[in-house]
Amino acid sequence: MTRVVITGTGLYRPPHVITNAELVEAFNAYAALQNEKNAARIAAGEVEAMVSSSVEFIEKASGIKQRYVIEKDGVLDPTRMKPRFAPRPDEHLSLMAEIGVAAARDALAAAGRRGDEVDAVLCAAANMQRAYPAMAIEIQQALGAGGYGFDMNVACSSATFAIEQAVNAVRAGTARCVLVVNPEITSAHLEWRDRDCHFIFGDVCTAIVIERDDTAVAAERWEVLGTKLATQFSNNIRNNAGFLNRCEDTDADARDKTFRQEGRKVFKEVVPLAAAHIEGHLAALGMESTQVRRYWLHQANLGMNQLVMRKLIGAEVDGDVAPLILDEYANTASAGSIIAFHAHRADLVPGDRGLICSFGAGYSVGSVAVRRV
Ligand SMILES: CC(C)(COP(=O)(O)OP(=O)(O)OC[C@H]1O[C@@H](n2cnc3c(N)ncnc32)[C@H](O)[C@@H]1OP(=O)(O)O)[C@@H](O)C(=O)NCCC(=O)NCCS
């Protein structure tokens, strides 16, 4: 069977940081404004007063300390509370494609590949900025790639699900070199006016090059030992924004048109789901959980990752076994586990095995087992 390898990863990191202190200050100013506006209705018991957010809660509940965003001023403006993006003419590269190309160039350079050597581009992310033409095809054109491209969305598991599609295409011989790109502009789907979730997300883009081992040129290669995907329906993470909205005559700015979740339920249900999934995948590969040198896990919540690891290993593990990037990046949807893989793999030696695993809305869980060649 054709051996398939990951030969490069790339990262686009947005230029602006929002610290928890800045975030909380903006949210609390927004809440005060709302309470002032609604003072009479609050006094009459018709509307509930908004409650302030706190840095201490955010860090304790999630482990997140800051996030990167593409546009900061609009998010921190208490009269706006969302990023401000200028519409672009159709002839210009779209925002998702722009950050996709930046991460892709980084990944291609690491793999020693030119754009014209890529013959499939998968743009996999939790949100798409338009229906068509596919951002993947726009990225394909910008890089001078051949073959085909398509967009796909499996929420926070988009990257791992795309890696399996890429691996299968290379293994089946329908593509030789596949680029997976994960442009996550989560600042545009996050409800910055809701204190239960306003701290959760950050923007980023990751990219991964997957190709045949026998024609790869990169010195650093990661053999894909196996992939495993699973889904199980849940309403606990949901976003109702979609193309039917304008026909439903509902409010386009209503709460259900951005990200919302039952955080506690997600935490409780997804931890055992992810741990059992990883256990099953490793067992199918004939591996013990302790034989995995490093776990590059989805980055949504520090406590969640600690619990998944405790279930798997039966003990506390440190950042050397399961590195954390969410303190710096927050939850970057599908890109989180790929950022962890990108930033924390250089110290592994040939023969070391690792596991990339995502979990999120759907529910969806995806894992990719690798071995450094
Ligand atoms: C979102 C999450 C961090 C919230 O943490 P939590 O410990 O579950 O917190 P809760 O929502 O139960 O809230 C606990 C209390 O803090 C309060 N609180 C919520 N947000 C707050 C904020 N920003 N500041 C201060 N207090 C806050 C709540 O109102 C609640 O108060 P109460 O006990 O008086 O009712 C956590 O549930 C989580 O990460 N879940 C998994 C999410 C996930 O992985 N999602 C995938 C997305 S892709």
Inset, instruction - For residues that are away from the ligand (no atom under 13 Å from the Cβ) and either under 17 Å from G263 (Cα atoms) or of a type in the set (K, R) (or both), scanning just the stretch 47-79, find the one that is most open to solvent (accessible area, probe 1.4 Å). - result: K65
Legend entry - Cβ pairs under 7 Å, 6+ apart, first in the stretch 312-338 and free of Cβ contacts under 8 Å to residues at least 12 places away in the same chain, second open to solvent by 50 Å² or more (accessible area, probe 1.4 Å) and part of a helix (DSSP H, G or I): E316/R310
Legend entry - Single residue of the stretch 175-193 satisfying the filter (within 17 Å of N301 (Cβ to Cβ) and not β-branched (V, I, T)) that is surrounded by the fewest Cβ atoms within 10 Å (Cβ to Cβ): L190
Legend entry - Among residues of the stretch 251-274, those that are among the acidic types (D, E), part of a loop (DSSP other than H, G, I, E, B) and closer than 21 Å to T332 by Cα, counted: 1
Inset, instruction - Given the conditions (1) under 18 Å from the mean Cα position of the chain (by Cα); (2) within 16 Å of the ligand (Cβ to nearest atom); (3) buried (at least 17 other Cβ atoms within 10 Å of the Cβ), report the number of the one that T231 does not fulfil. - result: (3)
Inset, instruction - Look at G100 and say whether it is more than 16 Å from the ligand (Cβ to nearest atom), open to solvent by less than 10 Å² (accessible area, probe 1.4 Å) and in contact (Cβ under 8 Å) with a residue 60 or more places away in the chain. - result: yes
Inset, instruction - Scan (1) open to solvent by 10 Å² or more (accessible area, probe 1.4 Å); (2) within 16 Å of the ligand (Cβ to nearest atom) for the single condition N38 breaks and write down its number. - result: (2)
Inset, instruction - Report, by residue number, each residue of the stretch 238-294 that is within 16 Å of the ligand (Cβ to nearest atom), more than 21 Å from Q306 (Cα to Cα) and touching a residue at least 24 places away in the same chain (Cβ under 8 Å). - result: R238, N239, A241, R255, T258, F259, R260
Inset, instruction - Could you check how many residues of the stretch 326-373 are away from the ligand (no atom under 16 Å from the Cβ) and on the phi > 0 side of the Ramachandran plot? - result: 1
Inset, instruction - Among residues belonging to the stretch 80-97 that are of a type in the set (A, V, I, L, M) and surrounded by fewer than 18 Cβ atoms within 10 Å (Cβ to Cβ), point out the one that is farthest from S53 (Cα to Cα). - result: L93
Inset, instruction - Determine, yes or no, whether A21 is over 24 Å from the mean Cα position of the chain (by Cα), of a type outside the set (S, T, N, Q), within 15 Å of the ligand (Cβ to nearest atom) and over 20 Å from G263 (Cβ atoms). - result: no
Inset, instruction - Answer yes or no: is there a residue in the stretch 194-216 that is open to solvent by 70 Å² or more (accessible area, probe 1.4 Å), under 25 Å from T79 (Cα atoms) and either under 14 Å from the mean Cα position of the chain (by Cα) or not hydrophobic (A, V, I, L, M, F, W, C) (or both). - result: yes
Inset, instruction - Run P323 past the list (1) open to solvent by 60 Å² or more (accessible area, probe 1.4 Å); (2) away from the ligand (no atom under 16 Å from the Cβ); (3) of a type outside the set (A, V, I, L, M, F, W, C) and report the number of the one that doesn't hold. - result: (1)
Inset, instruction - Restrict the check to the stretch 295-311 and report whether at least one residue is at pLDDT 95 or above, hydroxyl-bearing (S, T, Y) and crowded, with 23+ Cβ neighbours inside 10 Å. - result: yes
Legend entry - Tally, over the stretch 135-144, of residues that are within 16 Å of R114 (Cα to Cα), in contact (Cβ under 8 Å) with a residue 12 or more places away in the chain and open to solvent by 20 Å² or more (accessible area, probe 1.4 Å): 3
Inset, instruction - Return yes or no: is A126 touching a Cys at 6+ places or on another chain (Cβ under 7 Å), within 16 Å of the ligand (Cβ to nearest atom) and over 27 Å from E220 (Cα atoms)? - result: yes
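The values are calculated or read from the model by the stated rules, or taken from the named source; none is laboratory data. Here the structure is a predicted model, which is why all the values come from computation and not from measurement. As a convention, Cβ positions derive from the backbone with ideal geometry for all residues, glycine included, and neighbour counts pool all protein chains shown. When the accessible area is computed, the model is the full protein with side chains, heavy atoms only, and any ligands, DNA or RNA have been set aside. Shrake-Rupley method; radii C 1.70, N 1.55, O 1.52, S 1.80 Å.
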